[in-house]
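Reading through the structure tokens given below for one structure.
We did not get these values from a lab; they are worked out from the coordinates using the rules stated. This structure is a prediction, so every number in the text was calculated from the model and none was measured. Cβ sites come from the backbone with ideal geometry, for glycine too, and all protein chains shown count toward neighbours.
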Amino acid sequence: MSADPHLNLSRYVPALINFLSNKLATGASICYRKHFGVGVVEWRMLSMLAVDDGITANRICQVIGLDKSAVSRALQGLESAGSIHTTPDPDDKRRVTISLTNQGKQLHDRVLKVALERERRLLEGLSAEEVDVLVGLLNRLNKQISYVNDYDPEKSDSRS
């Protein structure tokens, strides 16, 4: 081990993923705000609701991995703009479900075209097989998140 321990940022996978994610999110937010009036967080809500309409804010937080305050702010903005509506749960008045309005569906469809073109450009230098491998690896890494986040350096860990 080197006398000057440090991360090799060109090979430290969490940093590489974060750098890529941050740059993609910043670029998406600039593009989507300019052309559609929504940022990347609002886009994530729209895309999530397009797949799983009528869900709760907690479910959105679980799937996307954002904190409740960011999700709440984004949902408030989308509701004010008429892109989503909330419905109280008849069994639990503290809980509401969130759905896209027709306007929200139209906005989703317009942003989706741009999002898919951005993805196409990102993956342009990869073969179809490489994209499949990348997607598989990312899905496998995503399954490790709970295990990674449960790590406590003060406790022993027997899993190898």
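What order do you get for S99, S127 when you list them from fewest to most C-beta neighbours inside 10 Å?
With the sparsest Cβ surroundings first, the list reads S127, S99.
Starting from the 7 Å offset along Cα-to-Cβ, what nm value, one decimal, do you get for the label separation of R110 and E124?
Each label point is offset 7 Å from its Cα along the Cβ direction, giving 2.5 nm.
Report, to one decimal in Å, the Kirkwood hydrodynamic radius for the range 70-148 based on all distinct Cα pairs.
16.0
On each of the three principal axes of the Cα atoms of the range 13-126, give max minus min coordinate, whole Å, ordered largest first.
Projected onto its principal axes, the Cα set of the range 13-126 covers 50, 31, 21 Å.
So which aspartates and glutamates can K105 reach, going by Cα to Cα under 20 Å and dropping same-chain residues fewer than 8 places off?
Those aspartates and glutamates meeting the cut-off are E42, D52, D53, E79, E117.
Which one of L112, F36, L100 is farthest out on the positive end of the charge dipole of the range 13-126, using unit charges on Cβ (Lys, Arg +1; Asp, Glu -1) and the Cα centre as origin?
F36
Roughly how many whole Å is it from the C-alpha centroid of the range 1-57 to that of the range 61-92?
Measuring centre to centre over Cα atoms gives 19 Å.
Taking the chain as a Gaussian network, where each spring joins two C-alpha atoms under 10 Å apart, which residue of R95, R11, R73 fluctuates the most?
The residue with the greatest mean-square fluctuation here is R11.
How do I145, I55 rank when sorted from fewest to most other Cβ atoms within 10 Å of their own Cβ?
I145, I55
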